[in-house]
């Protein structure tokens, strides 16, 4: 007959197990926070082929005045996928935006109003499934709001001109800022630079 002996775990072993569990939990939470989906999302969200300013009287890449429209007015001038992200705080499917892997040189604007948001030289590959940037184009181009949806405590990023929902910012980005602006590609309009770097 075999005799089984059980050795109690040392304090050091217990600490290692707790640390590993904590890391696993933190990593799971990070993945969930970057991929949390809003309920009632439209069946297909992807890039639109419409010119942003075509039916949108507030779209301007030079006007910096604040835009205050009713939800009914926004619904009339924005394509359905842009409205869902911008006004209903939706989230596009991860890895669905062609902007995520784009390496073109230029400027990214808010597709709802034309406000300049990011330069392409601040874009980086984060692996989270959405276009990521480490610095906005200028102070005031973005608004920051506390977001406690989905049981998390995050920082929502909105357009500084029209208050369109853009995505979230996290403190796990590259230098020099250490920030990762995780932005829905549907809400971004891109203008290629006319000069080559």
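One residue stands out in segment 107-164 among those that are at negative phi and assigned to a helix (DSSP H, G or I): the one that is surrounded by the fewest Cβ atoms within 10 Å (Cβ to Cβ), namely 149. Kindly establish whether residue 191 is in contact with a strand residue (DSSP E or B) (Cβ under 9 Å, 6 or more places away or on another chain), part of a strand (DSSP E or B) and more than 19 Å from residue 92 (Cα to Cα). Taking the combined requirement at face value, the residue satisfies it. How many residues does segment 70-96 contain that are in contact with a helix residue (DSSP H, G or I) (Cβ under 7 Å, 6 or more places away or on another chain) and either free of Cβ contacts under 8 Å to residues at least 40 places away in the same chain or farther than 20 Å from residue 115 by Cα (or both)? Selection size over segment 70-96: 6. Those residues that are over 10 Å from the mean Cα position of the chain (by Cα) and under 22 Å from residue 78 (Cα atoms), I need them from segment 187-196; list them, please. Selection gives 188, 189, 190, 191. Within segment 80-106, the set of residues being part of a loop (DSSP other than H, G, I, E, B) and surrounded by 18 or more Cβ atoms within 10 Å (Cβ to Cβ) comprises 87, 90, 91, 92, 97. When residue 67 is tested against (1) over 18 Å from residue 170 (Cα atoms); (2) in contact with a helix residue (DSSP H, G or I) (Cβ under 9 Å, 6 or more places away or on another chain); (3) surrounded by 13 or more Cβ atoms within 10 Å (Cβ to Cβ), only condition (2) is not met.
We did not get these values from a lab; they are worked out from the coordinates using the rules stated. The structure displayed is predicted, hence computed values, not measured ones. Heads up, the Cβs are rebuilt from the backbone with ideal geometry, glycines too, and the neighbour counts pull from every protein chain shown.
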